[in-house]
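Below is one structure, written out as C-alpha cells; comments come after it.
The values are calculated or read from the model by the stated rules, or taken from the named source; none is laboratory data. Note that the coordinates shown come from a computational prediction; the quantities given were computed from them, not determined experimentally. Ideal geometry is used to build each Cβ from the backbone, glycine not excepted, and the neighbour counts take in all protein chains shown.
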Amino acid sequence: MYLDESNDKPRDECGVFGIYSPGDEVGFKTYFGLNALQHRGEESAGIAISDGTEIHIHKKMGLVTDVFNENLLCTLKGDIAIGHVRYSTSGDSTEANAQPLLYRDYRGSVALAHNGNLTNVSLLKKRLEPTRLSKEISTDSEIFFRFMAKYRQLPFEKILELCMSEISGSFSLVVMTKNSLIGLRDPYGMRPLCLGKLKGTKSGYVLASETCAVETVGGEFIREIEPGEIVILDKNGIHSIPTRSSPGKRHLCIFEYIYLSRSDSVIDGRTVNLVRRDFGRELAQEFPVEGDVVISVPDSGMSVAMGYAEERGLPFREGLIRNRYMGRTFIRPGQKNREQAVRMKFNTIDEILQGQRVVIVDDSLVRGTTSSHIIRILREAGAKEVHFLVASPPLCYPCYYGIDIPSSGELVAARRSIEEIRHHIGADSLHYLNLERMLRVLKRPHDFCTACFDGVYPVQLLGTDSKVSII
C-alpha cells in the first residue's frame, strides 16, 4: 500500500463536463473543459462522444494531458460529449472504474459521468438487477445502470426520475444518449453543477461542475442546476424537470468554498476568491496575531492569507513556493520519506522569512502531517516565530458524500485539543476559523453541509453502520 502524504488535503471524487453543440468541435472543447476541472480529480480522465448513431468512448488512468492528444481528439467526432476527471472515494483506482461509463441494451447506448458518493447502494443492489458492468466495475456509479436495466420498459425520463427519488447520497450527473445531453443534481444540491451557453452559437450549451470550465470553452454562465432538477438538452432546446424528490432545501458541500473549487469559479453570484478573502478578514478579526509578514500554504490558502493581511495591515509575501510540476508523488510510509516529499513540493524564500514573525495561513488541517513539516522548514529558513491559522473549523467527522475526509481516527482534531495540535505541529500559536463566522461570510448559513465540522449529516446514511446525527 502506498500513501501520498505530501498533500494532506481533502479531495473531491471528480469533476464532470458535458456539451451539446451541433457542428462544433465538442471533443476538443470537452478536453479543454476537463483541463479546467483537473484539480477535482487526477487519477483518470475520459471522454464519451455521440455522432448521432453510436457513442464512442476513450478513457485511461492519468491526467487529461496524459490521456488525450491532438491526433486522438481529431478522431472524436460528434455533436454531444461528456467528460470526467476522477479521484476515487468509492471503488478501486483502476481503469475499469474510470469514467464516463457506458451502458448498452436493445434500446441503444447511454454514457454517464458522476460526481459524488451514494449512501444506500447496498440496499438498492438487493432489489435491482445486476448488469453486465456489475462484475467489471466497483464504483457506486454503476447503480444508475441497474435502474436502467430494472425499469427498461419505462421512458428514459421516468427512469431518471426514479433514480432521483430512490437514490440517497450526493450526485451531480451528466448523462448522454445518442441525441441528448442530460444533467441531474441530487435533491440536496450537495455536489455542484451549472449550465452555460456557448457564445456565438444558437444551440450550444455546457454542463459543468464549475463555472471556470464553462468560461474556458468560451461559454457564458447561465445558472446553477437546482437541487433535484433534471435538465435535458437536445434539438428542441432546454427542457427542465423539477422532480418531486427535491426537499426544497440545499446543502452544498462547504468545502467547495474552502478548498475544492477553483478560485475564479462563481458560486451564488460571488467568486470563490472573494469569499476566501472574506474568510481571511474574519480570521484577522477573530485572531489578530502580532506578526511581521503573512504567507500562505499554496494554492487555495493564498486568497485567505491576502484577506488576513489586508485586514491586519501586514505585508503579504510569497514565502513558500509550491512545485506545480512535481505531479502525484506516491511514497512509502516512513518519516524521512514524508519529509522529503514535502521538501520536493514546497520550497522557502529565506530572505522573506529570516528573523520574521511569520503568520502562515492554510485552508484546512486534516492529519497535521504536512503542516508540521512545513513549519519545520520555515524555522530552518530563519523564521523567528510561526503562527499557524486555519481558514476553516476543526475537522472532526468523516465525510460520506464524496469528499475524501478520513475516518475520525485519522483526523487530528478528533483526537487532540487545539493546544495539543499546536504542540504536535510545532507552531507558536494555532487558530481555526469559527464555524459561525464562516457561515456569516456565506450569508446563507442553512444552505451548506457542515457535517465534517459538527457531525450533523443532512442525508440519510442507509445501509451503513455509522452512528451519526441526521438533520
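Annotations for the structure displayed:
- Looking only at residues in the stretch 117-138 that are under 23 Å from the mean Cα position of the chain (by Cα) and farther than 21 Å from Thr177 by Cβ, the one that is modelled with the lowest pLDDT is Ser138.
- Pairs where the first residue, in the stretch 211-235, is among the basic types (Lys, Arg) and the second is buried (at least 21 other Cβ atoms within 10 Å of the Cβ) and modelled with pLDDT of 95 or more, C-beta under 8 Å, 6+ apart: Arg223/Cys194; Arg223/Leu195
- Close contacts from the stretch 382-397, counting a first residue that is more than 21 Å from Val272 (Cα to Cα) and a second that is surrounded by fewer than 23 Cβ atoms within 10 Å (Cβ to Cβ) and among the hydroxyl-bearing types (Ser, Thr, Tyr), with Cβ to Cβ under 8 Å and a gap of 6+ residues or different chains, come to His387/Ser429; Phe388/Ser429; Cys396/Ser408; Tyr397/Ser408.
- Of the helices (runs of 4 or more DSSP H) lying entirely inside the stretch 117-191, those carrying at least 2 residues that are touching a strand residue (DSSP E or B) at 6+ places or on another chain (Cβ under 7 Å) are 143-150, 156-166.
- Among residues of the stretch 402-431 that are surrounded by fewer than 16 Cβ atoms within 10 Å (Cβ to Cβ), those with a beta-carbon under 6 Å from a residue that is among the small types (Gly, Ala, Ser) at least six positions away or on a different chain give the pairs Ser408/Ala414.
- Some residue of the stretch 386-406 being assigned to a helix (DSSP H, G or I), at pLDDT below 90 and either more than 23 Å from Pro458 (Cβ to Cβ) or assigned by TED's automatic domain parsing to the domain that holds Ala305 (or both): no
To keep it simple, each residue is scored yes or no on (1) modelled with pLDDT under 95; (2) part of a loop (DSSP other than H, G, I, E, B).
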| residue | (1), (2) |
| --- | --- |
| Gly33 | no, no |
| Ala45 | no, no |
| Gly52 | yes, yes |
| Lys59 | no, no |
| His84 | no, no |
| Thr89 | yes, yes |
| Ser93 | yes, yes |
| Tyr103 | yes, no |
| Ser109 | yes, no |
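- Considering the stretch 279-304, the residues that are surrounded by fewer than 21 Cβ atoms within 10 Å (Cβ to Cβ) and charged (D, E, K, R) include one that is modelled with the lowest pLDDT, namely Asp299.
- Total residues in the stretch 68-80 satisfying the condition of being closer than 23 Å to Lys178 by Cβ and either among the acidic types (Asp, Glu) or in a helix (DSSP H, G or I) (or both): the figure is 5.
- Some residue of the stretch 205-220 being at positive phi and either under 20 Å from the mean Cα position of the chain (by Cα) or not assigned by TED's automatic domain parsing to the domain that holds Pro242 (or both): no
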